Amino acid sequence: MGSSPGAFPTLESLHFPSAQTSISQTLSSLRRSALSVSNRLQSIETDAEFVREVADHYDLPLVANERCGSWYIDPTVKAGSAYFKSTDGHTGQWDFSFRRLNLQLLPLANQYGGCVIVDSTRRGKLMPDALSKTVPIWCAVLNRALFPERKEYHAVRLPPNYLGESEESQIASRIDGFVHSLQSLKLDLEHLRQQVGKPMQVAWANRSYFHPSNPTSDQGSHLLVLCSASKRVLGAEMSEGGYIQGAGDDSEAWAHGLTPPVFWANRDILKQTAEEDLPSVIADLVAEYQRQNTDHQATVIAPTRNLYISQTDARVDVGAQYDLVIDCNADAAAVESNSRRLNLGCASAKLGSRDLRKSLGKVRDFVAAQLGGDASRSLLVTCETGKDLSAGALLAIVCLFYTEDGTFDLSQTKRSMSKQFIRQRLAWIVSSKHDVNPSRSTLQSVNAFLMEPPDY
């Protein structure tokens, strides 16, 4: 029966599922709007102003903790890059990474008396774990390893009133083990000591506090200021008038291919572009930047004098610069008639790591045949990123064929391998090219290949 004209409507009669869906869709749309590319770029500019204030306050150069940190630093004033991962500071997983030694910071700190390391984190946190724990752990390990007599700098300095006593104690208990592992890499610690000159201390700069407030009075150490660029946001993005905490984070998901150098060179154009037009404008700007940016060089892997690594790039003049080339991702069937080139045909990411495992026998045979006849020939190893598969292939090469001083020796292939030996050779690559980051899958593939009994 229908309701009489004077009856009150029931709750059921007002329950519209389609209306609820509409509300949900509206909220999602509002959130997407708050997280627009335009809002992200404006938030990055706002945070970059704070970063410049920190650099001016301490009178120290800016170093980006990649990848996020580069968004907040104008390339014209960027002094360098660091590669500290927050995962190495996660609770219960504290680590000193041997894939990310960050030794490039030592001479820079010595030259300027320190630096400001810039990073950010997404909504809700004051600072990323990379700044609150990973860098302090790294600093304490290097101070103990390089300056064993300077015990006043051996403690792990952690941010004030930030971690619990239990976590601080557990972190402190692991430092000596990390020092022992670093020493086992057989790096030239005396050379590293000379590079840095003094122990390193850490301080923090964020929107809530500078701590300690006057650390520059210590003349016996260099100062690493750990700067979290973004303002801490506890509520939803919609409550911040368009401001996004950690706007530069996870840029692959929102930037449409835009990179920090392209952003900083074209800020005015991007500001004037409507949101719906940004993807196409960004694509044009990135393409133009790539056409103009012709400076592309490979990195030599010390202490060898003939092994090089780079990202695969048509601008590398292979014929003129390098005698031999191994391309991890290029089509394996494309150069059958070229004895100076080996294409492995590996896929990308984890699939590529598995493909590499199956291809390392070809790498061994190619290097033995080509460098065995003339060890002075140069060899360039490339992959799509210049950081993962190429590093894995080179790791196998330096383990199989190179002596402690970086000399090619064909007889080395018959020696037995251990994980510790492989880790020592990995340090050659990480120390030479600071942004290499072979995945765990890649390293497992290389270890599996190298630790098999030789088949010849």
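If you scan the range 116-154, which residues turn out to be among the aliphatic types (A, V, I, L, M) and in a helix (DSSP H, G or I)?
Within the range 116-154, Ala130, Leu131, Val135, Ile137, Ala140, Val141, Leu142, Ala145, Leu146 qualify.
Residue under question is Gln444, and the condition is that it be open to solvent by 60 Å² or more (accessible area, probe 1.4 Å), polar (S, T, N, Q) and outside any loop (DSSP other than H, G, I, E, B); does it hold?
Taking the combined requirement at face value, the residue satisfies it.
Can you tell me which residue is nearest to Ser43 (Cα to Cα) among those in the range 212-242 that are modelled with pLDDT of 90 or more and surrounded by fewer than 18 Cβ atoms within 10 Å (Cβ to Cβ)?
The extreme case among them is Arg232.
Just checking, which of Pro199, Pro148, Pro160 is over 25 Å from the mean Cα position of the chain (by Cα) and under 30 Å from Pro303 (Cβ atoms)?
Checking each option against the conditions leaves just Pro148.
Can you pull out every residue in the range 56-99 that is over 15 Å from Leu223 (Cβ atoms), of a type in the set (Gly, Ala, Ser) and open to solvent by 30 Å² or more (accessible area, probe 1.4 Å)?
Ser86, Gly92
Mind listing whichever residues of the range 356-367 are in contact with a Leu (Cβ under 7 Å, 6 or more places away or on another chain) and open to solvent by 40 Å² or more (accessible area, probe 1.4 Å)?
Lys362
Go through the range 408-456 and give me each residue that's in contact (Cβ under 8 Å) with a residue 40 or more places away in the chain, under 21 Å from Pro303 (Cβ atoms) and among the β-branched types (Val, Ile, Thr).
Once the filter is applied, which keeps residues that are in contact (Cβ under 8 Å) with a residue 40 or more places away in the chain, under 21 Å from Pro303 (Cβ atoms) and among the β-branched types (Val, Ile, Thr), the range 408-456 yields Thr413, Ile429, Val430, Val436, Val446.
Picking from Gln111, Gln104, which residue would you name as being within 18 Å of the chain's Cα centre (by Cα), under 21 Å from Gln195 (Cβ atoms) and not hydrophobic (A, V, I, L, M, F, W, C)?
Being within 18 Å of the chain's Cα centre (by Cα), under 21 Å from Gln195 (Cβ atoms) and not hydrophobic (A, V, I, L, M, F, W, C) holds for just one of Gln111, Gln104, which is Gln104.
Taking Leu324 as meeting all but one of (1) under 28 Å from the mean Cα position of the chain (by Cα); (2) buried (at least 19 other Cβ atoms within 10 Å of the Cβ), write down the number of the exception.
(1)
Provide a single number: the residues in the range 160-177 that are in a loop (DSSP other than H, G, I, E, B) and either open to solvent by 80 Å² or more (accessible area, probe 1.4 Å) or modelled with pLDDT of 95 or more (or both).
Qualifying residue count, the range 160-177: 1.
Any residue at all in the range 132-139 that is in contact with a helix residue (DSSP H, G or I) (Cβ under 8 Å, 6 or more places away or on another chain), among the polar types (S, T, N, Q) and open to solvent by less than 30 Å² (accessible area, probe 1.4 Å)?
There is at least one residue in the range 132-139 that is in contact with a helix residue (DSSP H, G or I) (Cβ under 8 Å, 6 or more places away or on another chain), among the polar types (S, T, N, Q) and open to solvent by less than 30 Å² (accessible area, probe 1.4 Å).
Any chance you could count how many residues in the range 263-307 are under 30 Å from Leu394 (Cβ atoms), under 22 Å from the mean Cα position of the chain (by Cα) and open to solvent by less than 70 Å² (accessible area, probe 1.4 Å)?
Looking only at that region, the number is 8.
Is one or more of the residues making up the range 100-108 under 21 Å from Asn65 (Cα atoms), among the charged types (D, E, K, R), buried (at least 18 other Cβ atoms within 10 Å of the Cβ) and out of contact with any Cys (no Cβ under 7 Å at 6 or more places or on another chain)?
Yes, the range 100-108 contains at least one residue that is under 21 Å from Asn65 (Cα atoms), among the charged types (D, E, K, R), buried (at least 18 other Cβ atoms within 10 Å of the Cβ) and out of contact with any Cys (no Cβ under 7 Å at 6 or more places or on another chain).
The values are calculated or read from the model by the stated rules, or taken from the named source; none is laboratory data. Small disclaimer: the values here were computed from a predicted structure and weren't measured. Here the Cβ is made from the backbone with ideal geometry for all residues, glycine too, and neighbour counts use every protein chain on show. Note: areas computed on protein heavy atoms with side chains; ligands, DNA, RNA excluded. Shrake-Rupley method; radii C 1.70, N 1.55, O 1.52, S 1.80 Å.
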